[in-house]
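Asker: Let me begin by handing over the structure; questions about it come next.
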Amino acid sequence: MADPKKLYIKTYGCQMNVYDSERMAEALGGSGYVETSTPDDADMILLNTCHIREKAAEKVYSELGRFKGLKAEKPDLKIGVAGCVAQAEGEEIMRRQPMVDLVVGPQSYHRLPEKEDQVRGGKKALDTDFPAEDKFEVLRKRPKAARGPTAFLTVQEGCDKFCAFCVVPYTRGAEVSRPAERVLAEARELVERGVREITLLGQNVNAYHGEGPAGPNGAGGDWSLARLIWALAEVDGLERIRFTTSHPNDMDNDLIEAHGTCDKLMPYLHLPVQSGSDKVLKAMNRKHTAKSYLRLIERIRAARPDILISGDFIVGFPGETEADFADTMALVEAVRYGQCYSFKYSTRPGTPAAERAQVDESVKADRLARLQALLTDQQRAIQDAMVGQTVKVLFEREGRMPGQMAGKSDHLHAVHVVGEGIGIGDLTPVRITQSGPNSLSGVKAA
Ligand code: SAM
Ligand code: SF4
């Protein structure tokens, strides 16, 4: 039998890209590829790219430049660009880097095997269509091999919200939800392979409205995310359910209630607000106010008092004044975030905000530093308060120190434990003894 061909995938950006990379590797597995962790011995290199902020495309071009030598040594090496930069730049990528053989957008991954055939035959392949067929259905058959205890599962893709700063509606297309039956089938397959925690993914995951299973009377009607979570909670062997990323306007009552009543739904919610200023939120086309967001957080905390709230912020959006930024700081003070991502506004060609008068880079940098200092203090205080508590940890891998195991708590804190008797995939109570800069440590509780 011929040696398998080797595939090296480098993934940039969000968790949806991590999921997509796995599915691409599985799709190419059918064409005789196994994954390798280094580009040096690869027969195919795929860059799964992100376009959310500026310089992403430039990073891809410079990364491609680094493969020039490899391609010269090994003319059979095939190089592909996937993801949102592929979608946004298309043919331009092959024009600027003629050594690229394959450009494939996020909606066309199910066609990878046929594109691979094409490039092996010496042709170039470009596919940035939004095809009518369901790529997940074509990709569905996942191999039966064992895998780690946690997995991502994409249930919804694309976005119809058109925030004035964001490229997602252009690169990922319109919002689509996968039928509930297919999500449940994929979840069951993952559990059979050893998965105990699933994170449901979507650009607006809480806007999920997938077709429900047909009942005795015919069509099943649309299911909400809450309904899908309750059905997943019935899957034996699945212990933890998470979802990300949510939009404040799609947090319905059933989902809030599920946080209080569904034991398998973890007490962690990523709920980006972007800004605390109503003027900026309006200019961003977010369609919510600071007050409505704060009221929502209150309702969520009433349902699940210990929930850890995480979020996203953009500073220096066009038109943001010092007073607007002060409103953002006040909102952060009011919420108290346990985790947060914050960015300087970055112009994205083709989005409405790119055309507006821009805030000075030095002002953006100064505001980001102040915001991050506050967020870091909050995160640290919430993490430090875990010391002395006993938390459940799902162990995912060995740690860097001898005998150390690493996992995540219900609240998604990274936890390290040194000691005998813990295996990967164990869900074990741990007494927290120490809080470090980015993680907790503890001992196995009796
Ligand atoms: N759908 C999610 C929501 O509405 O909150 C967010 C998805 S987006 C992939 C992730 C984050 O990237 C956003 O929440 C936003 O904070 C950030 N982001 C998006 N476009 C950006 C831009 N042009 N400049 C800076 N940050 C941006
Ligand atoms: Fe982008 Fe999220 Fe706004 Fe959609 S809701 S446009 S994904 S930031």
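The values are calculated or read from the model by the stated rules, or taken from the named source; none is laboratory data. Bear in mind that the values here come from a model prediction, so they are computed numbers and not experimental data. As a convention, Cβ positions derive from the backbone with ideal geometry for all residues, glycine included, and neighbour counts pool all protein chains shown. These area figures cover heavy atoms from the full protein model, side chains too; ligands, DNA and RNA do not enter into them. Shrake-Rupley method; radii C 1.70, N 1.55, O 1.52, S 1.80 Å.
Asker: First check a/c for the chain, with a ≥ b ≥ c the square roots of the eigenvalues of its C-alpha gyration tensor; if it is under 1.5, answer rounded, and if not, answer prolate when a/b is larger than b/c or oblate otherwise.
Answerer: Details: a/c = 1.42, a/b = 1.17, b/c = 1.21.
Here the chain falls in the rounded category.
Asker: Provide the FRET efficiency to the nearest 0.05 for the Glu73-Glu189 pair, computing r from the beta carbons and using R0 = 51 Å. Intermediate values should be presented prior to the final figure.
Answerer: Numbers: r = 40 Å, r/R0 = 0.78.
Once rounded, the FRET efficiency stands at 0.80.
Asker: Any idea which of Asn217, Ala82, Val205 is furthest toward the positive side of the dipole for the chain, if Lys and Arg beta-carbons carry +1 and Asp and Glu beta-carbons -1?
Answerer: In the chain, that residue is Ala82.
Asker: How much of Arg336 can a 1.4 Å solvent probe reach, expressed as accessible area in Å² and rounded to 10?
Answerer: Counting only protein heavy atoms, the figure is 120 Å².
Asker: What accessible area per residue comes out for region 1-153, rounded to a whole number of Å², with a 1.4 Å probe? Could the numbers behind the result be given before it?
Answerer: Numbers: 7080 Å² over 153 residues.
Accessible area per residue: 46 Å².
Asker: So for Asp41, Asp312, what's the accessible-area order with a 1.4 Å probe, most first? Please report the intermediate quantities before stating the final value.
Answerer: Working: Asp41 60, Asp312 30 Å².
Reading off the accessible areas and sorting them downward yields Asp41, Asp312.
Asker: Restricting to DSSP H runs of at least four residues, report the calculated mean residue ellipticity at 222 nm for the chain, -39500 (n - 2.57) per run over all residues, nearest 500 deg cm²/dmol.
Answerer: Values: 15 runs with 152 residues, N = 446.
The helix-only estimate for the chain comes to -10000 deg cm²/dmol at 222 nm.
Asker: Leaving out ligands and nucleic acids, and using a 1.4 Å probe, what accessible area per residue does region 257-399 come to in Å²? Before the final figure, lay out each step's value.
Answerer: Values: 6330 Å² over 143 residues.
Per residue, region 257-399 has an accessible area of 44 Å².
Asker: Same structure again: Sort out for me the Cα centre separation of region 322-363 from region 34-109, rounded to whole Å.
Answerer: Here the two parts' Cα centres lie 31 Å apart.
Asker: I would also like to ask the following. In what sequence, highest mean first, do 73-85, 387-399 appear when ranked by Cβ atoms within 10 angstrom? If you can, show how the numbers build up before the last one.
Answerer: Values: 73-85: 20.3, 387-399: 17.0.
The packing order, highest mean first, is 73-85, 387-399.
Asker: Distance cut-off 28 Å, Cα to Cα: go down the list Lys10/Lys344; Lys68/Lys135; Lys135/Lys364 and report the pairs above it.
Answerer: Details: Lys10/Lys344 25 Å; Lys68/Lys135 32 Å; Lys135/Lys364 40 Å.
As for pairs spanning more than 28 Å Cα to Cα, those are Lys68/Lys135; Lys135/Lys364.
Asker: Which percentage, to the nearest 5, of the DSSP beta bridges contained in the chain is antiparallel?
Answerer: The antiparallel proportion sits near 35 percent.
Asker: On the protein heavy atoms, probe 1.4 angstrom, tell me the percent of accessible surface of region 308-373 carried by carbon and sulfur. Present the calculation step by step, with values, prior to reporting the outcome.
Answerer: Working: 1510 of 2740 Å².
The nonpolar share, carbon plus sulfur, comes to 55 percent.
Asker: Round to a whole number: what % of the accessible area of region 156-261 belongs to carbon and sulfur, probe 1.4 Å?
Answerer: 47
Asker: Now for a different question. Rank by packing, highest mean first: peptides 350-363, 421-434, with packing defined as the count of other Cβ atoms within 10 Å averaged across residues.
Answerer: 421-434, 350-363
Asker: Here is a follow-up. Considering the chain, which cysteines have no disulfide-compatible partner, defined as another cysteine with its Cβ under 4.7 Å away?
Answerer: Cys14, Cys50, Cys84, Cys159, Cys262, Cys340
Asker: Any idea which of Gln379, Met329, Gly423 is furthest toward the positive side of the dipole for region 288-423, if Lys and Arg beta-carbons carry +1 and Asp and Glu beta-carbons -1?
Answerer: Value: Gly423.
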